[in-house]
Amino acid sequence: ATLKALGFPGTFVAGLIAAGTDDGIGIAGLAPPAELLIAKVVGPERSIPVEAEAKAIRWAVANGARVINMSLGGNRDPRDPGRDTYSQLEADAVAYAVSKGVLVVAAVGNSDQSPSQPWPFASWPAALPHVVGVSALNRSGGPAGFSNRDPQFNDVAAPGVEILSTF
């Protein structure tokens, strides 16, 4: 069976997943036979409207996605609700995908986009129930300086420094 995955924003991570192999060009993907569903949700100035994200999640489920990867995130700050970007619309879309048996993976976040470095909280949607939160490691296996850290919602870490892709 072909793995169907939705990749956000459909660039760097998509290349890591599905780049061709044995062609003498660039890199080899982790799952070259994967069939990717690409939903471009990034708006002007690299903004991501939550309505577009939720619509894309539901579209991916309707089109047979078995894995949804979201290399995006909004600030989560349990200490300052005014800075927190929790969205019920996003949470409902993710819960819908999970209820349909879809594995949802999201970036724990990049602290260079947070109020301070290292940021101690996972971004939304990585902090939602049943979402696998992924952070980045540096070349020596330690946390990458740009990656958020969260003892509760950081489920797995993967190499994130000097990684090649098709992007």
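The values are calculated or read from the model by the stated rules, or taken from the named source; none is laboratory data. In this text the structure is predicted, and so the values were computed from the model without any measurement. Positions of Cβ are backbone-derived with ideal geometry, glycine not excepted, and every protein chain shown enters the neighbour counts. Areas reflect the complete protein model, heavy atoms only, side chains present, ligands, DNA and RNA absent. Shrake-Rupley method; radii C 1.70, N 1.55, O 1.52, S 1.80 Å.
Do you know which residues across the range 114-133 are under 20 Å from V94 (Cβ atoms) and open to solvent by 40 Å² or more (accessible area, probe 1.4 Å)?
P129, H130, V132
Of these, A91, A52, which one is within 26 Å of R149 (Cβ to Cβ) and under 16 Å from the mean Cα position of the chain (by Cα)?
Just a single option satisfies the conditions, and that option is A91.
Residues A14, A28: which one is open to solvent by less than 70 Å² (accessible area, probe 1.4 Å) and either touching a Lys or Arg at 6+ places or on another chain (Cβ under 9 Å) or modelled with pLDDT of 80 or more (or both)?
Residue meeting the stated conditions: A28.
Identify all residues within the range 31-44 that are within 18 Å of S123 (Cβ to Cβ) and either assigned to a helix (DSSP H, G or I) or open to solvent by 60 Å² or more (accessible area, probe 1.4 Å) (or both); write none if there are none.
V42
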